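The next block holds one structure in the form of structure tokens; read it before the comments.
The values are calculated or read from the model by the stated rules, or taken from the named source; none is laboratory data. Because the structure is a prediction, the values reported are computed rather than measured. Neighbour counts run over all protein chains shown; Cβ positions are idealised from the backbone, glycine included.
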Amino acid sequence: MAKEQFSILDNGVVIEGTMSCQGKLVINGMVKGKLTGDTIIIGEKGAADAEIDAAKITIGGKFEGKINASQELVILSTGYCEGQVVCKNIIIESGGILNGSVVCTLKRDPPPSPKSAAKSGKS
């Protein structure tokens with residue numbers, strides 16, 4: 001069984017530029033620029049002013065910029081996200097903050113509108 005790669009940018013670390021990673025990347029410091037990877041986690045003390053393209057993104061700290069999460073975006077109760085978001089699924093815990101535009105790419109039939117449900121006798 002292959003071992004999952006795990007990287008940490010610890011508190012006090014500041015990185016500017018383009019970064020690509022495999023496995024999980026935990027940000028407890030500050031990142032400015034462009035990030036690509038499998039799973040990116042912004043810890044409670046972490047911050048990013050960036051463009052992030054990853055399968056799974058979790059925000060527990062502060063994020064500003066653009067997000068493309070091909071699978072899932074999670075904003076924890078301590079998380080703050082501001083900017084443009086494109087994701088398949090989104091989870092926002094109570095207390096988590098999202099300010100910006102959101103496009104969810106998950107495709108399914110929308111529920112019937114209240115008017116059409118009333119006409120058909122369903123409630």
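Would you confirm, using the coordinates I've provided, whether residue 67 is at pLDDT 95 or above and buried (at least 16 other Cβ atoms within 10 Å of the Cβ)? In short, yes. Cβ-Cβ distances below 9 Å connect the following pairs, each with a first residue in segment 43-58 that is more than 12 Å from residue 21 (Cβ to Cβ), a second residue that is crowded, with 21+ Cβ neighbours inside 10 Å and of a type in the set (Phe, Trp, Tyr), and a separation of six or more residues or different chains: 46/63; 47/63; 48/63; 49/63; 50/63; 57/63. Does segment 1-23 contain at least one residue that is among the aromatic types (Phe, Trp, Tyr) and surrounded by fewer than 16 Cβ atoms within 10 Å (Cβ to Cβ)? Yes, that holds for at least one residue. All conditions but one from (1) at pLDDT 95 or above; (2) closer than 28 Å to residue 107 by Cα apply to residue 49; the one that does not is (2). What number of residues in segment 9-45 are under 21 Å from residue 96 (Cβ atoms) and either in contact with a Cys (Cβ under 7 Å, 6 or more places away or on another chain) or aliphatic (A, V, I, L, M) (or both)? Total satisfying the criteria: 9. Scanning segment 72-84 for residues that are small (Gly, Ala, Ser) and assigned to a loop (DSSP other than H, G, I, E, B) yields 77, 79. Would you check which residues across segment 85-120 are surrounded by 10 or more Cβ atoms within 10 Å (Cβ to Cβ), assigned to a loop (DSSP other than H, G, I, E, B) and at pLDDT 95 or above and list them? Result: 93, 95, 96. Applying a threshold of 8 Å to beta carbon distances and a minimum spacing of six or more residues, or different chains, the list of pairs starting in segment 26-39 at a residue that is within 12 Å of residue 9 (Cα to Cα) and touching a residue at least 12 places away in the same chain (Cβ under 8 Å) and ending at one that is in a strand (DSSP E or B) and aromatic (Phe, Trp, Tyr) reads 26/6.
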